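Undergrad: One structure, as structure tokens, below. Some questions next.
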Amino acid sequence: MSQFSSEDEAELQSLLRELLKSVKDRISGAPSVECAEEILLHLEETDKNFHNYEFVKYLRQYVERSLGAVIEEETENFTRGDGHAIGTGQDTLVHAVTKRTRESVQYVFL
């Protein structure tokens, strides 16, 4: 988080607190720490309001600003055939673009 200003960090902390307050009952009702972790790990799948949380919106925008151009460029490269030979199918494309994105300079600085 070294790229964030102190104001950004304060905002993120506030948004995270808001998210945790929203799921507090589910987390505190978990029988163990491991179960609470599982609840948080699968929150997107189990919480219909997941994408409405301001913390999630903030992170989505941050990733889009940081990696959106890389993802778009790599997708275009592979769909045009400029990338390494890959098999057919969306799963293969997603895997290839994800791999190249994770190897990018922008990802390293994320």
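No lab work stands behind these numbers, since they all come straight from the coordinates. What you see is a predicted model, and the numbers here were worked out from it, not measured in a lab. Every residue, glycine among them, receives a Cβ derived from its backbone with ideal geometry; neighbour counts consider all protein chains shown.
Undergrad: Highest first, please rank the peptides 25-36, 68-79 by the mean number of other Cβ atoms sitting within 10 Å of their residues. Present the calculation step by step, with values, prior to reporting the outcome.
TA: Working: 25-36: 11.0, 68-79: 15.2.
Output ranking for 25-36, 68-79: 68-79, 25-36.
Undergrad: Suppose we take every Cα in the chain and form the convex hull; what volume per residue is that in Å³?
TA: On the way: hull volume 15.6 nm³, N = 110.
Measuring per residue, one finds 142 Å³ for the Cα hull of the chain.
Undergrad: Beta carbons within 10 angstrom, averaged per residue: use that to sort the peptides 93-103, 5-15, highest first. It would help to have the intermediate numbers written out before the result.
TA: Working: 93-103: 15.1, 5-15: 11.8.
Output ranking for 93-103, 5-15: 93-103, 5-15.
Undergrad: Near V97, within a Cβ-to-Cβ distance under 12 Å, what is the net charge of the other residues, with Lys and Arg +1 and Asp and Glu -1? Write down the numbers at each step before the final one.
TA: Details: positive: K99, R100, R102; negative: E72, E73, E74, E76, D91, E103.
Result for the neighbourhood of V97: -3.
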